[in-house]
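Presented below is the structure to which this report refers.
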Amino acid sequence: MQSPAPLTVLGLVALATTAIVCGDTAGKLLTGAGVQPLFVAWSRFALAALLLFWVLGLGPAGLGRLLDWRLILRAALIVGAIASILTALRTEPIANVFGAFFIGPIVAYVLSALLLGESVSWARTVMLALGFAGVLLVVRPGGEMGTGMIFAVLAGTLYGSYLAATRWLTAFYPPPFLLGSQLLIGAVLLLPAGLASIPASNDLRVWVLVIVSSLASAFGNYLLVVVNRTTPATVSAPLIYFQLIAATVIGFFVFGDWPEPLTLLGLALIFASGVGGLALVPRR
């Protein structure tokens, strides 16, 4: 399959990462209002699976394939990543959480090279390292790491593994089915915890945020599945750093977090990393 044009890849990743950040922003608002992170995670999977069941090819003919252990493993990885990042967002600023979360592209880059045999070049490695240096400037980790940041690092590790698993399984399943499988399997895995933590709230805003959290995340992850289907993870990994830019911008407008000078410098490095990685995409 022919790779999409670099600008198309950039646009899809930028839109996907922005949608994912919007979903996590809604999740942070929910947990800040006292809603349990595991309920937010479960509702995200369950609602999206319910609304997109037939569209994503999850009819009777497709349900039997959900027992594939590879699909269950991939779904478990994204379930763990989402539950961990929502737990981290409960106590940590959104930009800090996404900064730690960006160990994910490093994990995806390494796993895709080691396990999937994707090509690795010094130029792409340098671009990824440049982006990670920008993340460090944004986060500026101190000597002590709180529980929330530990969950953020765990989320990034699981998410990087999920990205590599997605690249692996796109050879066997189409993107709509991959998204549908992770939604349905994730909803089942989180069902006990979700039912046990349903919020006793009549506030319409809570349920609107639940819907936004679910649909924005599902839309963003579907676009990433499409990108990973035609673009190696070693190429798309640097572009995922745009998610931190979206987190910083949305964090400012929603939570009033104004970037400091070092943060802006870090964002510039991240942008340079993404553009540099995009320039290395081979034109075919």
Phi-based couplings in Hz for the range 16-24 (Karplus 6.51, -1.76, 1.60; Gly and Pro marked x): 5, 5, 5, 4, 5, 5, 4, x, 6
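If you put +1 on each Lys and Arg Cβ and -1 on each Asp and Glu Cβ, how big is the dipole of the chain around its Cα centre, in Debye rounded to 20?
So the magnitude is around 600 debye.
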For the range 102-111, 3J(HN,Hα) per residue [Karplus equation, 6.51 cos²θ - 1.76 cosθ + 1.60, θ = phi - 60°, Hz, x = Gly/Pro]: 7, 6, x, x, 5, 4, 4, 4, 5, 5
Apportionment of accessible area to carbon and sulfur, the range 120-204, percent (1.4 Å): 72
Arg44 - accessible surface, heavy atoms, 1.4 Å probe, Å² rounded to 10: 10
Ranking by accessible area, most exposed first, for Trp42, Trp258 with a 1.4 Å probe: Trp258, Trp42
Under 5 Å, built H, 5+ apart or other chain: amide partners of Asp257: Phe252
Dipole of the chain, positive direction: furthest Cα of Ala76, Pro199, Leu86, with charges on the beta-carbon: Ala76
Neighbourhood charge, 15 Å Cβ-Cβ cut-off, centred on Val35 and excluding it, Lys, Arg +1 and Asp, Glu -1: +2
Accessible area per residue, Å², the range 56-132 with all protein chains present, probe 1.4 Å: 42
Rg in Å to one decimal, and Dmax rounded to a whole Å, for the range 72-179 via C-alpha atoms: 14.8, 44
Alpha carbon centroid spacing (whole Å) that separates the range 15-47 from the range 178-209: 10
Table column - 3J(HN,Hα) (Hz), the range 80-86, Karplus curve with 6.51, -1.76, 1.60, x for Gly and Pro: x, 5, 5, 4, 5, 6, 5
Hydrodynamic radius by Kirkwood, which averages 1/r over all alpha carbon pairs of the chain, in angstrom: 18.8
Computed over the chain: relative contact order in percent, which uses C-alpha pairs under 8 Å that are six or more apart: 41
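The values are calculated or read from the model by the stated rules, or taken from the named source; none is laboratory data. Owing to the predicted nature of the structure, the values given are computational and were not obtained by experimental measurement. Because the Cβ atoms are built from the backbone with ideal geometry, glycine has one as well, and the counts that use them run over all protein chains shown. Each accessible area value is taken on the protein alone, full model and side chains, heavy atoms only, with ligands, DNA and RNA left out. Shrake-Rupley method; radii C 1.70, N 1.55, O 1.52, S 1.80 Å.
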